[in-house]
Amino acid sequence: MTRRVIGIVMNGVTGRMGYRQHLVRSILAIREQGGLPLDGGGTLWPEPILVGRSADKLKELADRHGLTHWTTSLDEALAHPLAEIYFDSQVTPAREQAIKAAIAAGKHVYTEKPTAESLEGALELARLAREAGVRSGAVQDKLFLPGLLKLKRLVDGGFFGRILSVRGEFGYWVFEGDWQDAQRPSWNYRAEDGGGMILDMFPHWRYVLDGIVAPVRSVYAHAATHIPQRVDERGEPYAATADDAAYGVFELEGGITAQINSSWAVRVDRDELVEFQVDGTEGSAVAGLRNCRIQHRASTPKPVWNPDLPATEPFRAQWQQVPDNGEFDNGFKVQWELFLRHVVSDAPYRWDLLEGAKGVQLAELGLRSAREGRRLDVPELTL
């Protein structure tokens, strides 16, 4: 059996997301399974070429996993004879110029979101990739999670009838960094470093709503900085200049209303850290990262409002779990495999840099809506 080696320049893998989800649970996991089987025979063997700012961190990471290719020079990494794909999971302000350099070097591009700090920048990247004839992809991992795959199955199967609304709850308490260490890096809370809830999460909500329910047509957002001062990784207090919570109302095609609350200053009283409830004329569903439960029209109970008596109905017990009906792999890994097949075998793939730009568009409009206090239309994007 033939094995084709493909070099992947991985920039930003010393960070939490780049290391855990993209290097370890995606690329190294593909290697551990013997490579990626290709249609028509043979396997694809991904060879990481690590790049970052800290030589010590890169060397330690490479030694830990038995990797041989690493450098602190992006130019050197892009010039590596094996390099065919550039992947970026850096902080957002560093992303745009690095992707431009990769496109100029003729590399296919796969990147975390947001793809750029502005819609103008995101569209320019999509245009440059198209003009250069390179393949591109933007990470849209939540589409490949078990709970949302089950939700998509319900939508495609017509379970809901006419969809009326979507309600989403996302978030958890991120410690301020004083008496307990914060679970997220401090740059997330500095607008000047590309932080902020809207910039981080609205790109996710765009592809989730577009890809599972219906295209987003308008947005109204309220942003808040609930915790105005935090403590960084060095124990130094700093001003939180970015929003740590966002409350959004989105109008979807077909008159569907979506409401999504996102907060790093909320304590969790849900089964999962993110949940979406979809209500339709024929049934409802609540989907999280892994699970999805449903209530059909025929089995919907008939609650009666009476504030003078305690509630006795077991509301949670009146829902039914959607079965797995299959095995689910890591969502990041699944999308990596699709992109790799797209690059080497021309397999279908629709989550390109233009799709990534749609997420940046919604974030930009969300921030503007929060500043101006008004609802804004979301126009179609074209190159």
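Every number in this text was worked out from the coordinates using simple rules, so none of it is lab data. Here the structure is a predicted model, which means the values were calculated and not measured. With ideal geometry, Cβ positions are generated from the backbone for all residues, glycine too; neighbour counts draw on all protein chains shown.
Is it possible to state the helix-based mean residue ellipticity at 222 nm for the chain, with each DSSP H run of 4+ residues giving -39500 (n - 2.57), the sum divided by total residues, to the nearest 500 deg cm²/dmol? What is it?
Numbers: 9 runs with 105 residues, N = 383.
After summing the helix terms and dividing by the residues of the chain, the value is -8500 deg cm²/dmol.
Restricting to Cα pairs below 8 Å that are 6+ residues apart, what does the relative contact order work out to for the chain? Please round to a whole percent. Display every interim value, and only then the final one.
Working: 787 pairs, mean separation 77.7, N = 383.
Reported relative contact order: 20 percent.
Packing-wise, with mean Cβ within 10 Å as the measure, how do 98-106, 223-231 rank, highest first?
On the way: 98-106: 19.6, 223-231: 16.0.
Peptide ranking by packing, descending: 98-106, 223-231.
Find, among the trypsin sites (Lys or Arg not before Pro) in segment 44-93, those assigned to loop by DSSP (not H, G, I, E, B) with at most 16 other beta-carbon atoms within 10 angstrom. Can you show the working numbers first?
Values: sites: Arg53, Lys57, Lys59, Arg64; in loops: Arg53.
When the trypsin sites (Lys or Arg not before Pro) of segment 44-93 are filtered for loop state and at most 16 Cβ neighbours within 10 Å, Arg53 remain.
Please identify which residues in segment 20-60 have an amide N closer than 18 Å to a label point set 7 Å out from the Cα of Ala101, following the Cα→Cβ vector.
49-59
Which of the three applies to segment 210-367, rounded, prolate or oblate, going by the alpha-carbon gyration tensor with a ≥ b ≥ c and a/c under 1.5 meaning rounded?
Working: a/c = 1.69, a/b = 1.14, b/c = 1.48.
It comes out oblate by the Cα gyration axes.
Gain in length, Arg130 to Glu32, computed as 0.36 nm per residue apart minus the alpha-carbon separation, to one decimal in nm?
Working: separation 98, 0.36 × 98 = 35.28 nm, distance 3.31 nm.
Extra length available between Arg130 and Glu32 comes to 32.0 nm.
How big is the Rg/Rh ratio for segment 39-139, C-alpha atoms only, Rh by Kirkwood, two decimals? If you can, show how the numbers build up before the last one.
Numbers: Rg = 14.4 Å, Rh = 14.5 Å.
Value, to two decimals: 0.99.
Taking Cα pairs under 8 Å and at least six residues apart, what relative contact order does segment 7-122 come out at, in percent?
Working: 182 pairs, mean separation 32.6, N = 116.
Relative contact order here is 28 percent.
How many angstrom lie between the Cα centre of segment 275-352 and the Cα centre of segment 243-273?
16
For the chain, give me the percentage of DSSP beta bridges that are antiparallel, rounded to the nearest 5 percent. Before the final figure, lay out each step's value.
On the way: 42 of 72 bridges.
Expressed as a percentage, antiparallel bridges in the chain total about 60.
Do any of Lys333/Lys358; Lys142/Lys302; Lys107/Lys152; Lys113/Lys333; Lys107/Lys333 go past 25 Å between their Cα atoms, and which?
Working: Lys333/Lys358 23 Å; Lys142/Lys302 34 Å; Lys107/Lys152 33 Å; Lys113/Lys333 16 Å; Lys107/Lys333 20 Å.
Beyond 25 Å: Lys142/Lys302; Lys107/Lys152.
Which of Glu169, Glu282, Glu327 moves most in a GNM of the chain, Cα contacts under 10 Å?
Of Glu169, Glu282, Glu327, the most mobile in the Gaussian network model is Glu327.
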